[in-house]
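Novice: Take this structure first; my questions come after.
Values quoted throughout were computed directly from the atomic coordinates according to the rules given, and no laboratory measurement underlies them. Note that the coordinates shown come from a computational prediction; the quantities given were computed from them, not determined experimentally. Glycine gets a Cβ as well: all are built from the backbone with ideal geometry, and neighbour counts include every protein chain shown.
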Amino acid sequence: MKYKKVLVTGAAGFIGFHLSKTLVDQGVEVVGLDNINDYYDINLKYARLAELGVKQEEAESWKQEAKSSKYPNFRFVRLNLEDREALPELFEREKFDAVVNLAAQAGVRYSLENPMAYVDSNVVGFVNILECCRHHQIGHLVYASSSSVYGENGKVPFSEDDRVDYPVSLYAATKKANELMAHTYSHLYKIPTSGLRFFTVYGPWGRPDMAPILFASAITEDRPIKVFNNGDMSRDFTYIDDIVQGIIITLNNPPVKEKEQPLYQVFNIGNGSPVLLMEFIETLEQNLGKVAEKNMLPMQPGDVPRTWADTKHLNALGYQSATPIQEGVKRFVKWFKGY
């Protein structure tokens, strides 16, 4: 690993938890940050932190460092990204080598109901991260963008060279804004930044507001599942282990100076082969041993019919999405039944 001490924001979240665990297993000193908001069940967030050796009663306290009982190289702090006093103090105290910013208000559909939550976390909070990186000589900032920036892009697969000027949700607009702000800071202050456009990530400890857990819960409880656009959708489902591998490869490969270009890069991070929604549901049914009752519905506002990642730029650095959907869903269902 290129960096010895890394800040991972969103550490109680799905991807942040898995990344933190992998980094500490590799001997990296990790400080995890999260505000543990109630967008979805906070018990799942505390359960992830417990897997990292952090007790709930210690994680609940704001701005207090909680040490892991499992990993001497992992600590956790509950903090809002937009806290303009506490975040700079954390950077000053810890002297991070690199930052992976995965904290964000997630969810496309929720952005239609609560837009200010997205502005606070994804815009104000991200500028605060950039300012801290600027003033504390951070060697590399890796941050979560999203495949949603492609909007209703008709050309497939989606390439980093495609125009992303037409987001169809506020969530997507905030992620596009993150890329623009990162470019500006890379240009002005020579901060190396790498954005990762995540495609549909799934696996154990996943988010309960996303299709895999929504579907698995409904099928198990004999409730109908909601199938939007009458099932005529495809997603570039990417297994969590492959995503974590891609983040670490990106972290270890900061952008290099080329003539007058800023130290800025953006990568697609996905599976590179889309799966039909109905095929994903069938694979879930097979692993759960039950057939779903399907409630066919029209397309939701802010949603897109298909996503498909062109991953050749990240592949060139050594990334490979190696987990087929059958294997990934099998591992997910095994965790789901146990949890």
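Novice: Take the conditions under 27 Å from ALA173 (Cα atoms) and in contact (Cβ under 8 Å) with a residue 12 or more places away in the chain and apply them to ASN252. Does it pass?
Specialist: Taking the combined requirement at face value, the residue does not satisfy it.
Novice: Suppose we filter the range 263-300 for residues that are more than 27 Å from LYS330 (Cβ to Cβ), in contact with a Lys or Arg (Cβ under 8 Å, 6 or more places away or on another chain) and not aromatic (Phe, Trp, Tyr); how many remain?
Specialist: So the count comes out to 4.
Novice: Right, something else. Looking at ILE249, ILE243, ILE325, which is the one that is touching a Ser or Thr at 6+ places or on another chain (Cβ under 9 Å), among the hydrophobic types (A, V, I, L, M, F, W, C) and within 26 Å of GLY139 (Cβ to Cβ)?
Specialist: Answer to the check: ILE243.
Novice: Can you name every residue in the range 64-80 that is over 20 Å from HIS18 (Cβ atoms) and within 23 Å of the chain's Cα centre (by Cα)?
Specialist: The answer is LEU79, ASN80.
Novice: Looking for something out of contact with any helix residue (DSSP H, G or I) (no Cβ under 9 Å at 6 or more places or on another chain), surrounded by fewer than 22 Cβ atoms within 10 Å (Cβ to Cβ) and touching a residue at least 60 places away in the same chain (Cβ under 8 Å) - is there at least one such residue anywhere in the range 121-142? Talk me through it step by step, then tell me what you get.
Specialist: Here is the first cut: in the range 121-142, the ones out of contact with any helix residue (DSSP H, G or I) (no Cβ under 9 Å at 6 or more places or on another chain) are 124, 137, 139.
Subset that is surrounded by fewer than 22 Cβ atoms within 10 Å (Cβ to Cβ): 124, 137, 139.
Right, trim to touching a residue at least 60 places away in the same chain (Cβ under 8 Å) and you get 139.
Within the range 121-142, one or more residues are out of contact with any helix residue (DSSP H, G or I) (no Cβ under 9 Å at 6 or more places or on another chain), surrounded by fewer than 22 Cβ atoms within 10 Å (Cβ to Cβ) and touching a residue at least 60 places away in the same chain (Cβ under 8 Å).
Novice: Of these, VAL54, VAL24, VAL8, which one is free of Cβ contacts under 8 Å to residues at least 24 places away in the same chain, surrounded by 21 or more Cβ atoms within 10 Å (Cβ to Cβ) and within 29 Å of HIS135 (Cβ to Cβ)?
Specialist: Answer to the check: VAL54.
Novice: List the helices (runs of 4 or more DSSP H) that sit entirely inside the range 270-339 and contain at least 1 residues that are surrounded by 15 or more Cβ atoms within 10 Å (Cβ to Cβ), under 20 Å from the mean Cα position of the chain (by Cα) and polar (S, T, N, Q).
Specialist: 312-315
Novice: What are the residues in the range 82-120 that are in contact (Cβ under 8 Å) with a residue 60 or more places away in the chain, part of a loop (DSSP other than H, G, I, E, B) and polar (S, T, N, Q), if any?
Specialist: Within the range 82-120, GLN105 is the sole residue that qualifies.
Novice: One residue is enough: does the range 178-187 have a residue meeting the conditions at positive phi and surrounded by fewer than 21 Cβ atoms within 10 Å (Cβ to Cβ)?
Specialist: Taking every residue of the range 178-187 in turn, none turns out to be at positive phi and surrounded by fewer than 21 Cβ atoms within 10 Å (Cβ to Cβ).
Novice: Here's something else I'd like to know. Of all residues being among the aliphatic types (A, V, I, L, M) and in a loop (DSSP other than H, G, I, E, B) in the range 159-173, which is surrounded by the most Cβ atoms within 10 Å (Cβ to Cβ)? Just the residue, please. Write out each step before concluding.
Specialist: Taking the range 159-173 as the starting set, the residues that turn out to be among the aliphatic types (A, V, I, L, M) are 164, 168, 170, 172-173.
Now restrict to residues that are in a loop (DSSP other than H, G, I, E, B): 164, 168.
Numbers: VAL164: 20, VAL168: 16.
So, considering only residues that are among the aliphatic types (A, V, I, L, M) and in a loop (DSSP other than H, G, I, E, B), the one surrounded by the most Cβ atoms within 10 Å (Cβ to Cβ) is VAL164.
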